[in-house]
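Colleague: First the structure, which I've put down as structure tokens, then a few questions once you've had a look.
The values are calculated or read from the model by the stated rules, or taken from the named source; none is laboratory data. On a predicted model such as this, the values are computed, not experimentally measured, just so you know. Positions of Cβ are generated from backbone atoms using ideal geometry, with glycine treated the same way; all protein chains shown enter the neighbour counts. Heavy atoms of the whole protein, side chains included, go into the accessibility calculation; ligands, DNA and RNA do not. Shrake-Rupley method; radii C 1.70, N 1.55, O 1.52, S 1.80 Å.
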Amino acid sequence: AQSVTQLGSHVSVSEGALVLLRCNYSSSVPPYLFWYVQYPNQGLQLLLKYTTGATLVKGINGFEAEFKKSETSFHLTKPSAHMSDAAEYFCAVIRSSNTGKLIFGQGTTLQVKP
Amino acid sequence: ETGVTQSPTHLIKTRGQQVTLRCSSQSGHNTVSWYQQALGQGPQFIFQYYREEENGRGNFPPRFSGLQFPNYSSELNVNALELDDSALYLCASSLAGLAGGPRETQYFGPGTRLLVL
């Protein structure tokens, strides 16, 4: 069975500091991996995704993530946090079958301090 | 390009009642997925519809049912509401190929917040 683990339900950084949100997955087949962001009282917005090809994926708002198969990880980073980055972040996986069932982690709340 | 829309935005029901939530897909999309997000949790997959047929279902009882219409809009129906059904219900649309397309990005609507009293 597939699962997604996000290490740290709450991460706090100072404005301008590095953002690192951790995601590990378990999957018996090559997965497709996604990061979504959710602002208060809103739906989910796609930040970036990995399907095939280059393992370093760049997304919107300066975020990027690296797929590391050997570590079964897909950590999200941003070099310099901005106050507007404060939100809930979800890592998700889809197994490479024909059912687009996204399996989400529990989420990580990012707090950005001035 | 019109994004995914959902209605209503908020809803209050009592135990035992029935509810219908609606979703309009993003223009050009043919696949709709529904998710339940309880407070403080990640979304949980309910089911997906592709070309008006159910194309996968999560671990939800039969009282959760759905429809997809020829214009690819969709409804989620929940019968015999329980307190634990209180959650944010998210609809996501995507464009799948002939065999389905799990790699296709799912675009989410703003959700319907359901409160069951």
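Colleague: Does residue A:101 count as of a type in the set (Lys, Arg) and either in contact with a Ser or Thr (Cβ under 6 Å, 6 or more places away or on another chain) or on the phi > 0 side of the Ramachandran plot (or both)?
Modeller: no
Colleague: A further question follows. Every residue in region A:27-53 that is open to solvent by less than 70 Å² (accessible area, probe 1.4 Å) and farther than 24 Å from residue B:89 by Cα, please.
Modeller: A:27, A:29, A:31, A:50, A:51, A:53 - these are the residues of region A:27-53 that are open to solvent by less than 70 Å² (accessible area, probe 1.4 Å) and farther than 24 Å from residue B:89 by Cα.
Colleague: Restricting to region A:1-26, name every residue that is open to solvent by less than 40 Å² (accessible area, probe 1.4 Å), of a type in the set (A, V, I, L, M) and modelled with pLDDT of 95 or more.
Modeller: Answer for region A:1-26, where residues must be open to solvent by less than 40 Å² (accessible area, probe 1.4 Å), of a type in the set (A, V, I, L, M) and modelled with pLDDT of 95 or more: A:11, A:13, A:17, A:19, A:21.
Colleague: Give region B:98-117 a look and list any residue that's part of a loop (DSSP other than H, G, I, E, B), open to solvent by 20 Å² or more (accessible area, probe 1.4 Å) and at pLDDT 85 or above, or say none.
Modeller: If the condition is that a residue be part of a loop (DSSP other than H, G, I, E, B), open to solvent by 20 Å² or more (accessible area, probe 1.4 Å) and at pLDDT 85 or above, then B:110, B:117 are the ones that fit.
Colleague: Something else now. List the strands (runs of 3 or more DSSP E) that sit entirely inside region A:1-112 and contain at least 2 residues that are closer than 20 Å to residue B:106 by Cα.
Modeller: In region A:1-112, the matching strands (runs of 3 or more DSSP E) lie at A:3-7, A:19-26, A:31-38, A:44-50, A:56-58, A:64-68, A:73-78, A:87-95.
Colleague: Another question about this same structure. On the basis of being within 13 Å of chain A (Cβ to nearest Cβ) and touching a Ser or Thr at 6+ places or on another chain (Cβ under 9 Å), does residue B:73 make the cut? Walk me through it before giving the result.
Modeller: Working: within 13 Å of chain A (Cβ to nearest Cβ): no; touching a Ser or Thr at 6+ places or on another chain (Cβ under 9 Å): yes.
Against the criterion (within 13 Å of chain A (Cβ to nearest Cβ) and touching a Ser or Thr at 6+ places or on another chain (Cβ under 9 Å)), residue B:73 does not qualify.
Colleague: Among the numbered criteria (1) open to solvent by less than 30 Å² (accessible area, probe 1.4 Å); (2) more than 10 Å from the chain's Cα centre (by Cα); (3) touching a residue at least 12 places away in the same chain (Cβ under 8 Å), which single criterion is violated by residue A:100?
Modeller: (3)
Colleague: OK, next. Within region A:61-84, can you find the residues that are small (Gly, Ala, Ser) and over 19 Å from residue A:8 (Cβ atoms)?
Modeller: Once the filter is applied, which keeps residues that are small (Gly, Ala, Ser) and over 19 Å from residue A:8 (Cβ atoms), region A:61-84 yields A:62, A:70, A:80, A:84.
Colleague: Return a yes/no flag: does region B:9-31 have any residue that is out of contact with any strand residue (DSSP E or B) (no Cβ under 6 Å at 6 or more places or on another chain), within 14 Å of another protein chain (Cβ to nearest Cβ), over 23 Å from residue A:92 (Cβ atoms) and in contact (Cβ under 8 Å) with a residue 60 or more places away in the chain.
Modeller: yes
Colleague: Moving on to the next point. Taking region A:56-86, which residues are open to solvent by less than 40 Å² (accessible area, probe 1.4 Å) and either basic (Lys, Arg) or within 14 Å of another protein chain (Cβ to nearest Cβ) (or both)?
Modeller: If the condition is that a residue be open to solvent by less than 40 Å² (accessible area, probe 1.4 Å) and either basic (Lys, Arg) or within 14 Å of another protein chain (Cβ to nearest Cβ) (or both), then A:57, A:59, A:67, A:78 are the ones that fit.
Colleague: Does any residue of region B:56-63 turn out to be surrounded by fewer than 21 Cβ atoms within 10 Å (Cβ to Cβ), facing another protein chain (nearest Cβ under 10 Å) and not in a strand (DSSP E or B)?
Modeller: Applying the first criterion (surrounded by fewer than 21 Cβ atoms within 10 Å (Cβ to Cβ)) to region B:56-63 yields B:56-63.
From what is left, the residues that are facing another protein chain (nearest Cβ under 10 Å) are B:56-58.
After this cut, where a residue has to be not in a strand (DSSP E or B) as well, the list is B:58.
Yes, that holds for at least one residue.
Colleague: Tally the residues that are in contact with a strand residue (DSSP E or B) (Cβ under 9 Å, 6 or more places away or on another chain) and part of a loop (DSSP other than H, G, I, E, B), restricting the search to region B:64-97.
Modeller: From region B:64-97, those in contact with a strand residue (DSSP E or B) (Cβ under 9 Å, 6 or more places away or on another chain) are B:64-69, B:71-79, B:81-96; that's our starting set.
Now restrict to residues that are part of a loop (DSSP other than H, G, I, E, B): B:69, B:71-73, B:79, B:81-82, B:86, B:95-96.
Total meeting the criteria: 10.
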